[in-house]
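Student: Questions regarding the structure given below will be posed in turn.
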Amino acid sequence: MNIVLIGAPLSGKGTQAKHISETYNLKHISTGDMFREIALKDSELGREVKKYMDRAMFVPDSLTMQILKERLKEKDCQSGVLLDGFPRTVFQAEQLQTLLNVDVAIYLKVKLEVLLERVKWRFVCPKCKTIYTITDGITVNCSLCGESLIKRSDDTEEKVRFRFDEFQSQTKPVVDFYMKSDKLFLVNAGKSIKRVSDKIDNKLRSMR
Ligand code: AMP
């Protein structure tokens, strides 16, 4: 089974992606994580990718496709993938069709106001990428690997607004793209993590 997970920044994509990939034994491919890793490298490609990410802009389609295409050829992707943060443009969605069959596109729909509230409390482990919602003001380390939690550089109110607008203009058409081909599954992602994952589980179990 191949799944595409679509959602604005902070819609809960990362959290649900972890749940889905573990439950259904799919390789979790996050283009955001791939780009963050590339951007850390002191190379021409690293500097190029970092330039876009620092401005919270999309990495150009041609470069994104080139990197994803190579990744999907690897052995661990052959028995099913969960794509998180990809496709983000209609061009990417069209190109993806030539690479694999998408069984379902899950769209985590959430309002901007909810995202702006979430960003205040979101932290991430730089090592294992686990996302935390810290409201107690006490937790500072990852409970899984002990690393100090950090704020992602694009997790500011201003950048969330910018990324949300970009989502609306560029990625919303991807939602329509999958709706037309009858592959879209819409979930209200303003609800709790558990309610969202229960909805997704019901859908995925019905497809088995
Ligand atoms: P994410 O962690 O999914 O929010 O992605 C973080 C950043 O990586 C985005 O703001 C973009 O700069 C870049 N990125 C991730 N996925 C894509 C994609 N499919 N197309 C273009 N840029 C992407």
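The values are calculated or read from the model by the stated rules, or taken from the named source; none is laboratory data. Predicted model only: the values in this text are computed from it and were never measured. Cβ atoms come from the backbone with ideal geometry, glycine included; neighbour counts cover every protein chain shown.
Student: Among the residues of segment 117-154, which ones are of a type in the set (Asp, Glu), at pLDDT below 90 and within 21 Å of Ala56 (Cβ to Cβ)?
Tutor: Selection gives Asp154 alone.
Student: Would you check if there is a residue in segment 40-49 being under 18 Å from Ile200 (Cα atoms) and of a type in the set (D, E, K, R)? Spell out the reasoning first.
Tutor: Pass one, segment 40-49, residues under 18 Å from Ile200 (Cα atoms): none.
No, segment 40-49 contains no residue that is under 18 Å from Ile200 (Cα atoms) and of a type in the set (D, E, K, R).
Student: So, in segment 125-138, of the ones that are surrounded by 11 or more Cβ atoms within 10 Å (Cβ to Cβ) and touching a Phe, Trp or Tyr at 6+ places or on another chain (Cβ under 7 Å), which residue ends up farthest from His28 (Cα to Cα)?
Tutor: The extreme case among them is Ile134.
Yes/no matrix, rows are residues, columns are (1) closer than 21 Å to Phe164 by Cα; (2) of a type in the set (D, E, K, R):
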residue	(1), (2)
Ile3	no, no
Lys18	no, yes
Leu26	no, no
Arg47	no, yes
Val90	yes, no
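Student: Here's another thing I want to ask about it. Do we find a residue being touching a residue at least 60 places away in the same chain (Cβ under 8 Å), under 23 Å from Leu184 (Cβ atoms) and small (Gly, Ala, Ser) anywhere in segment 64-86?
Tutor: Initial filter on segment 64-86 (touching a residue at least 60 places away in the same chain (Cβ under 8 Å)): 80-86.
Okay, now just the ones that are also under 23 Å from Leu184 (Cβ atoms), so 80-86.
With the extra rule that they be small (Gly, Ala, Ser), the set shrinks to 80, 85.
Yes; the residues of segment 64-86 include at least one that is touching a residue at least 60 places away in the same chain (Cβ under 8 Å), under 23 Å from Leu184 (Cβ atoms) and small (Gly, Ala, Ser).
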